[in-house]
1. For B:Arg146, all conditions in the list (1) open to solvent by 30 Å² or more (accessible area, probe 1.4 Å); (2) of a type outside the set (Val, Ile, Thr); (3) in contact with a Gly (Cβ under 6 Å, 6 or more places away or on another chain) hold save one; what is the number of the exception?
2. Run B:Thr71 past the list (1) more than 14 Å from every other protein chain (Cβ to nearest Cβ); (2) open to solvent by 40 Å² or more (accessible area, probe 1.4 Å); (3) modelled with pLDDT under 50; (4) in contact with a strand residue (DSSP E or B) (Cβ under 7 Å, 6 or more places away or on another chain) and report the number of the one that doesn't hold.
3. Residues being open to solvent by less than 60 Å² (accessible area, probe 1.4 Å), under 30 Å from A:Lys366 (Cβ atoms) and either hydrophobic (A, V, I, L, M, F, W, C) or not in a loop (DSSP other than H, G, I, E, B) (or both): count how many of those fall in the stretch A:56-87.
4. Could you say which residue among A:Gly174, A:Gly184, A:Gly219 is touching a residue at least 40 places away in the same chain (Cβ under 8 Å), out of contact with any Ser or Thr (no Cβ under 6 Å at 6 or more places or on another chain), within 13 Å of chain B (Cβ to nearest Cβ) and open to solvent by 10 Å² or more (accessible area, probe 1.4 Å)?
5. Residues in the stretch B:110-117: is at least one in contact with a His (Cβ under 6 Å, 6 or more places away or on another chain) and either part of a loop (DSSP other than H, G, I, E, B) or open to solvent by less than 20 Å² (accessible area, probe 1.4 Å) (or both)?
6. Just to verify a result, which residue in the stretch B:123-171, among those that are in contact (Cβ under 8 Å) with a residue 60 or more places away in the chain and more than 13 Å from chain A (Cβ to nearest Cβ), is farthest from A:Asp192 (Cα to Cα)?
7. Condition first: among the small types (Gly, Ala, Ser), under 13 Å from the mean Cα position of the chain (by Cα) and part of a loop (DSSP other than H, G, I, E, B). Now tell me which residues in the stretch B:157-180 satisfy that.
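The values are calculated or read from the model by the stated rules, or taken from the named source; none is laboratory data. Predicted model only: the values in this text are computed from it and were never measured. All Cβ positions, glycine included, derive from the backbone under ideal geometry; neighbour counts span all protein chains shown. To get the accessible areas, we keep the full protein, side chains included, count just its heavy atoms, and leave off ligands, DNA and RNA. Shrake-Rupley method; radii C 1.70, N 1.55, O 1.52, S 1.80 Å.
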Amino acid sequence: MTGWFRRVSAMVVSVAVSSPVLAADPTPVLQAEQSDVAQLPAMGAHWVFPYTKTTAITIYDGDNGHVLGTIPATPLANNVIMPDRRRIYITETSWSLVDHGDRHDMLQQFDARTLERVRELALPPRALVGRKQQNFDVDANGKFGFIFDLSPASAVTVVDLSAFRVVRTVDIPGCALVFPWQSGGFSSLCGDGSLTNVAVGTDGKASVTHSKPFFSADGDPVYEQSLAERAKGDAYFITYSGKVMKAHLGPQPVIEPAWSIQQAAGQPAAGTGVQELAWRPGGTQPFAMSYYNHHLFALMHTGTYWTHKTAGTEVWELDTQAHRLVRRIDLPTPAKVVAVSQDQKPLLYANGENGNLMVIDLQSGKVLRNTHIDAGAMTVTPP
Amino acid sequence: MTESFFDRLGEKLTRKMAQGISRRSMIAKAGSAAVVTSSLPLLPVQRAQAAQTQPAAVSDFDRRAQSTDPTKCDYWRHCAIDGVLCGCCGGGVHTCPPGTQPSPVSWIGTCRNPVDNRSYVIAYRDCCGRTLCNSSPDCHCNTEDRELPVYRPQANNDIIWCFGGSSAVYHCSTAALVGQAE
């Protein structure tokens, strides 16, 4: 380096270092920050809780697509958002040494604003089975939680959610899943096409009744993912071929005659032929309902019988009181999961086979978003 | 695993078989279904379902099925499989990958072999004791021929069948041939 260049360089450095002092810069110096933790506002009707990857439930704001928070959840987990929207319960199973060691089956209570794990309760071994809402649910007033067990003998663990203790385990031989009553009990679907109905008294005692068979488990089984309307104690049992049977659940369930999704749309009722092409329901969460107007949303595809897990290319909105089709909604991507918000300006959600979450405004019919989020086999919306 | 688990399983299924099948029919059908077995003992859950298997019409899966590549979801034996194919994880169509254990019980499907056009009973046995196999997404299958809800557990493929082993952690699924369906 020459002497001239050294002198000029030194001058430039000197000016650069001293210039902030010389210039009257009005920008204040940035201050040190305290690390803190975000809290959520009251849960909005348009929040949506898809299971993402194999690790979590990711909470999204359906209106703007922002991530609001994360709740840990393995592929074995199930969750329920309580009717007061202040508590979220997760049932989870893990092992002390990852793939071996002591098995832990737990009920975890999360605070819906802080997402802190408030308390945990050890459970009898749960059913380790594909995620579905019907593995774990609560009654409308939030007194009892019902957790499906399979060891492989079938049972349901009843939890008092206020006292946060296991009340009892009720054997339900030959039956499975939980469809909560309005209060004080649940019904389970059985392999002979009937319901087992379990009343749980305030003293914790259980009494069991059995309905007559009302469907054929071999001929046209009822979907596991049939819907339960907790607030009314009603269930909407839907068969592989698309027959809908509304039931009022209780010790003596009242089951209404079946109607056909396809006939509601002006088409022939779909049968059970393996070569019979028709519009059929399918997916891992093929149904959702807006409970304020009792419109059913069903993921539909064209296919033969035994395509009950096949992704839907359309969502059909059906009026369950008039038994008629309201509209057909084209999906940008075939989807295995459908969910709907429970307000009167509802958003429809669909988990694409490609991991996208689709958000559709049901008032305008417009697709608001179609974003890759590694969406999985289930999505829950606030009650 | 305790003896009471097997006792309860055996009692439940024996009762179910006694209710649903005549003795003569059960013996005849179970006999033919048990022609080919794996080295593992066949528990009653498999025999019960095999005995009730009916000849199947050709389904969409059957029409598209191939018989050459067992690491694909459309391999003919995979007509009702839900999970990761063990052939993609260091195992094979009836072989668990190293370090895992086959589940003592399984769910049952009936699949049509496109080579001989016969239907065979398939035992979908899970391999257990390791966390989920990280394989190509092409090896994650969820087919549905004659797959029934969990209230018919023997024919349900959503259940993790790692009952009775030293660990109930799921790794992958196999599709062992049990015998010809009637």
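1. (3)
2. (3)
3. Result for the stretch A:56-87: 11.
4. Numbers: A:Gly174 fails: touching a residue at least 40 places away in the same chain (Cβ under 8 Å); A:Gly184 fails: within 13 Å of chain B (Cβ to nearest Cβ).
When all the criteria are applied, what remains is A:Gly219.
5. No: the stretch B:110-117 contains no residue that is in contact with a His (Cβ under 6 Å, 6 or more places away or on another chain) and either part of a loop (DSSP other than H, G, I, E, B) or open to solvent by less than 20 Å² (accessible area, probe 1.4 Å) (or both).
6. B:Asp138
7. Within the stretch B:157-180, the first condition is being among the small types (Gly, Ala, Ser), and the residues that meet it are B:164-168, B:173, B:175-176, B:179.
In the following step, the residues that additionally are under 13 Å from the mean Cα position of the chain (by Cα) were identified as B:173, B:175-176, B:179.
The one that is among the small types (Gly, Ala, Ser), under 13 Å from the mean Cα position of the chain (by Cα) and part of a loop (DSSP other than H, G, I, E, B): B:Ala175.
Per-residue answers, yes or no, for (1) in a loop (DSSP other than H, G, I, E, B); (2) over 29 Å from A:Lys309 (Cα atoms); (3) over 20 Å from the mean Cα position of the chain (by Cα):
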| site | (1), (2), (3) |
| --- | --- |
| A:Gln108 | no, yes, no |
| A:Arg119 | no, yes, yes |
| A:Ala127 | yes, no, no |
| A:Arg131 | yes, no, no |
| A:Pro152 | yes, no, yes |
